[in-house]
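Engineer: Take a look at the following structure, please.
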Amino acid sequence: MTKSHPVRKLVDAVTDAVSDDKDRDRAEVPGAPGAQPPPVAEPTQPRAPLPSKPDQSPPAVLSATGRSGGGSEDARAQSGGYLTTAQGTRLADSDHSLKAGPRGPVLLQDHHLREKITHFDHERIPERVVHARGAAAHGVFRGYGTASAVSKAAFLAENVETPVFVRFSTVLGSRGSADTVRDTRGFATKFYTGEGVFDLVGNNIPVFFIQDAIKFPDVVHAAKPHPDREIPQAQSAHDTFWDFVSLHTEATHHTLWNMSDRGIPRSYRMMEGFGIHTFRLVNADGASTLVKFHWKPRLGVHSLVWEEAQLIGGMDPDFHRRDLADAIEAGAYPQWELGIQTFPDTPEQTFEGIDLLDPTKIVPEELAPVRPIGLMTLTANPTNFFAETEQVAFHPGHLVPGIDITDDPLLSGRLFSYLDTQITRLGGPNFAQIPINRTHAPVNDMLRDGFHQDAVHSGVAPYKPNSLDGGCPFFAGAGEHPFVEYPTPVTASAKVRQAPASFSDHFTQPRLFWLSLTPVEQQHVIAAYTFELSKVYEAAIRERAVAVLANVDPVLCAEVAAGLGLPAPEATVALPPVEPSAALSQLGTSWPVDGRVVGIVVDFVGTTDHVRAARDAVRGAGMTALIIAPTAGPLADGLPVQRTFAAARSVEFDALLVLGTPARGADDHGARDAKSSGSSPVDSRVALLVNEAYRHAKPLGGHPAARAVWAAAGIDPHAPGVLTSEDPDEVLAGIVGLLGTHRAWDRFPPDALLP
């Protein structure tokens, strides 16, 4: 959303309110592992456990049945200064098993050993089949009140604040896979509303591979690692994936989005979210409106370049989860506006010829603008990853009055699958009682017993009707705002295994997406298809995949075919005329730079006053400054160093500011550091750092002394986005301006083949 948007004042007000509520210093450099710096020697004086870090928050203190616990936030944390058993018995030793003498056999009666090992053996639970790799945060959602005409959901009313927990994820990889793989990202939000939990479970891509949930096992089996070798991990660049999507052309639209820059986001904070399906909103008068949900990030939608993503996968596989946690710790709270596209609920359930029940289709924003209805701000990191991020359970069937479902066949299957999955993964039907999943509304569900039952139910009559418990619980009347399914008319029909005829157009919308991209984005799509298909072993699958592209666009098809050494086939369908949608491109707008990371390269020559001034100026612009120096020791005036020439890599930074001309370090040789080339008076690791940043179209700035670094890196000092000046304010202003558009995109003009 641009600053001129009519709800911008409210956005800024929420931002200010959240910042004021935290009332703490912004972390100078986020990432400290503990709440307090540790001493050098092991502490020996007993004391209570340290508190959580200021950026962390646990789930709300509620009972298993949604009652307010009335306790402090750390009521569920460990307590006491002494090591104990699980039953609270203090222990004098946990380093030695109980043995028959110092060298004797271990005794079976060692109850502490058995308890400790047995619990360890059962620490892991089944990981999610998809979306296993994730990161999450707590926050707050504030309604604008602009949805009141179409929905009676109380949490959407003006200035109503609702706690939320958001989990971002990759789809294909295991829990231990890398963050920056090319993949769809999950964007799941749990709203703890006063009327019950509402889960908006979506992705960063607005369409899906399939139109019917019965094919979900097929697409997942095809995309996952090959079952014989369990490789490749967290990748779609392999035979089974491309075999499926080239034979199953309804997947073409989602595949094209995946091959675009959307498949490698810069950050979870810079990622759009979509509800994918068409939902139904119901207002206070009982009128129905069909909608699609959109999350619009305040920082804009930005991506990595492919080489950058590959390098990050090796250097920092936790890049996205670290970025999210560090931004929150630094006070750069991520924000998204929730918006809706609205459509009349007609019997045909179509809009401008687009079938609203087809999850492989979008409605361009030019045809149905996205109307903002609320703002979400993430304000706190989890206190415990397993208890919160790993155990959170989402379900599209967690609905509240005013929000209902439609007959989308993919959504119908999800309504069954998500609930079924949680029962196995979280050990039984009582997963809603896990603290992170607990509703903030009172619960009286008559559900009893089962694994991990934490509630202590009273009464003797968990059935309806009853008189022994005084008739309780009672059904809610209209005045008590119950959830009532919208009475959707069902036409007379026969039971069939068929799809509507409107579901058969698999190429118009992929063509719309392709033609809506800018030339540089189109080049990235060509490169992605070429890379992925070059990894496919079977030539027949490559040829088939290229033939699919012929039905999307001849330029896309010809360029990918050329990269694979294949002839470009002709289209087998008529290419329809489409009107490009500017909203589908990530480029062309300037956005805030909050939380961007600027690397400041320094040498040890001269004073450090200018370094401190540069660091403070970067932080003053709302960004994070990391000082990069020859060694890890502090600078002359005690200014701390965060990265060394040996440890730094360009992919950690959004921009570089070079202060000085770093000479070759004593460790700048191949035996010590493989990044070294050692052929220049400038440290070769710095030259590599700058060269990589240049090739990834990142802004570069520096004082005049940096010209020697530009030369050593082999870059044109007059190239777009390379700023050299005596005036540090001018350089920083230039960097901020370039980061607003994410990169110096005009540094490498796209091929003239693309219009």
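The values are calculated or read from the model by the stated rules, or taken from the named source; none is laboratory data. Note that this is a predicted model, so its numbers are computed, not measured. Reconstructed Cβ throughout: ideal geometry from the backbone, glycine too, with neighbour counts over all protein chains shown. Please note that ligands, DNA and RNA were not included when accessible areas were found on the heavy atoms of the full protein model with its side chains. Shrake-Rupley method; radii C 1.70, N 1.55, O 1.52, S 1.80 Å.
Engineer: When the Cα centres of segment 570-586 and segment 284-320 are compared, how far apart do they sit, in Å?
Structural biologist: 23
Engineer: When the helices in the chain are scored as -39500 (n - 2.57) per DSSP H run of 4 or longer and the sum is shared across all residues, what 222 nm value do you end up with, to the nearest 500 deg cm²/dmol?
Structural biologist: Calculated at 222 nm, the ellipticity per residue is -7500 deg cm²/dmol.
Engineer: For the pair Met446 and Arg114, how long in nm is the line joining their label points, each one 7 Å along Cα→Cβ?
Structural biologist: Result for the modelled spin labels: 4.2 nm.
Engineer: Something else: Based on the Cβ-Cβ distance of Thr530 and Arg707, what FRET efficiency does E = 1/(1 + (r/R0)^6) give at R0 = 41 Å, to the nearest 0.05?
Structural biologist: Taking R0 as 41 Å, the efficiency between Thr530 and Arg707 is 0.65.
Engineer: Take the Cβ-Cβ distance between Glu352 and Glu480 as r, set R0 to 30 Å, and report the resulting FRET efficiency rounded to the nearest 0.05.
Structural biologist: Rounded to the nearest 0.05, the efficiency is 0.15.
Engineer: Out of every Cα-Cα pair in segment 341-420, what percent are more than 18 Å apart? Walk me through the intermediate numbers first.
Structural biologist: Working: 1992 of 3160 pairs.
Considering segment 341-420, 63 percent of its Cα-Cα pairs are separated by more than 18 Å.
Engineer: Now a separate question. Compute the FRET efficiency between Ala671 and His718 as 1/(1 + (r/R0)^6), taking r as their Cβ-Cβ distance and R0 = 35 Å, and round to the nearest 0.05.
Structural biologist: Given R0 = 35 Å and the Cβ-Cβ separation, E is 0.45.
Engineer: Write out the trypsin sites (Lys or Arg not before Pro) in segment 671-755 meeting two conditions: DSSP loop, and at most 13 other Cβ atoms within 10 Å of their Cβ.
Structural biologist: The qualifying sites are Arg672.
Engineer: Another one. When ligands, DNA and RNA are left out and all protein chains stay put, how many square angstrom of accessible area per residue does the chain have with a 1.4 Å probe?
Structural biologist: Values: 34600 Å² over 755 residues.
That works out to 46 Å² per residue.
Engineer: Taking 0.36 nm per residue of sequence separation and subtracting the Cα-Cα distance, how much length would be gained by fully extending the chain between Ala499 and Gln453, in nm to one decimal?
Structural biologist: 12.3 nm
Engineer: Another question about this same structure. Do any trypsin sites (Lys or Arg not before Pro) in segment 225-285 lie in a loop, going by DSSP, with at most 15 other beta-carbon atoms within 10 Å of their beta carbon, and if so which?
Structural biologist: Values: sites: Arg229, Arg262, Arg266, Arg269, Arg280; in loops: Arg229, Arg266.
Sparse-neighbourhood loop trypsin sites (Lys or Arg not before Pro): Arg229.
Engineer: Could I have the simple spin-label model distance between Asp218 and Asp121, label points 7 Å from Cα toward Cβ, reported in nm to one decimal?
Structural biologist: Taking the simple label geometry, Asp218 and Asp121 are separated by 4.3 nm.
Engineer: Also, quick follow-up: Taking only the alpha-carbon positions of segment 141-254 and ignoring solvent, what does the Debye formula give for the base-10 log of I(q)/I(0) at q = 0.10 Å⁻¹?
Structural biologist: Debye output, listed in q order: -0.44.
Engineer: Which entry in [x] 1.03; [y] 0.91; [z] 1.47 is this structure's computed Cα Rg over 2.2 N^0.38 Å?
Structural biologist: So the calculated entry is the one marked [x].
Engineer: Moving to a separate point now. Kindly provide the trypsin sites (Lys or Arg not before Pro) of segment 107-174 that DSSP labels as loop, not H, G, I, E or B, and whose Cβ sees at most 16 other Cβ atoms within 10 Å.
Structural biologist: Counting only loop positions with at most 16 other Cβ atoms within 10 Å, the trypsin sites (Lys or Arg not before Pro) in segment 107-174 are Arg124.
Engineer: I would also like to ask the following. Take every Cα pair under 8 Å in the chain that's 6+ residues apart, average their separations, divide by the length, and report that relative contact order as a whole percent.
Structural biologist: After rounding, I find 12 percent.
Engineer: Going highest first, how would you order 185-193, 491-499 by mean Cβ packing within 10 Å?
Structural biologist: Per-residue Cβ counts within 10 Å, averaged per peptide and sorted highest first, yield 185-193, 491-499.
Engineer: I've got another one for you. Could you pull out the longest piece of the chain with no exposed loop GluC sites (Glu not before Pro) in it, calling a site exposed if DSSP puts it outside H, G, I, E, B and it has at most 13 other Cβ atoms within 10 Å? Display every interim value, and only then the final one.
Structural biologist: Details: sites that count: Glu28, Glu123, Glu158, Glu230, Glu348, Glu352, Glu366, Glu485, Glu538, Glu570, Glu726.
Longest stretch, sites excluded: 571-725.
Engineer: Tell me which of Gln453, Phe475, Val496 sits at the most positive position along the dipole axis of segment 402-504, charges placed on C-beta atoms (Lys, Arg +1; Asp, Glu -1).
Structural biologist: Of the candidates, Val496 comes out farthest on the positive side.
Engineer: Give me the percent of accessible area attributable to carbon and sulfur for the chain, probe 1.4 angstrom.
Structural biologist: 56
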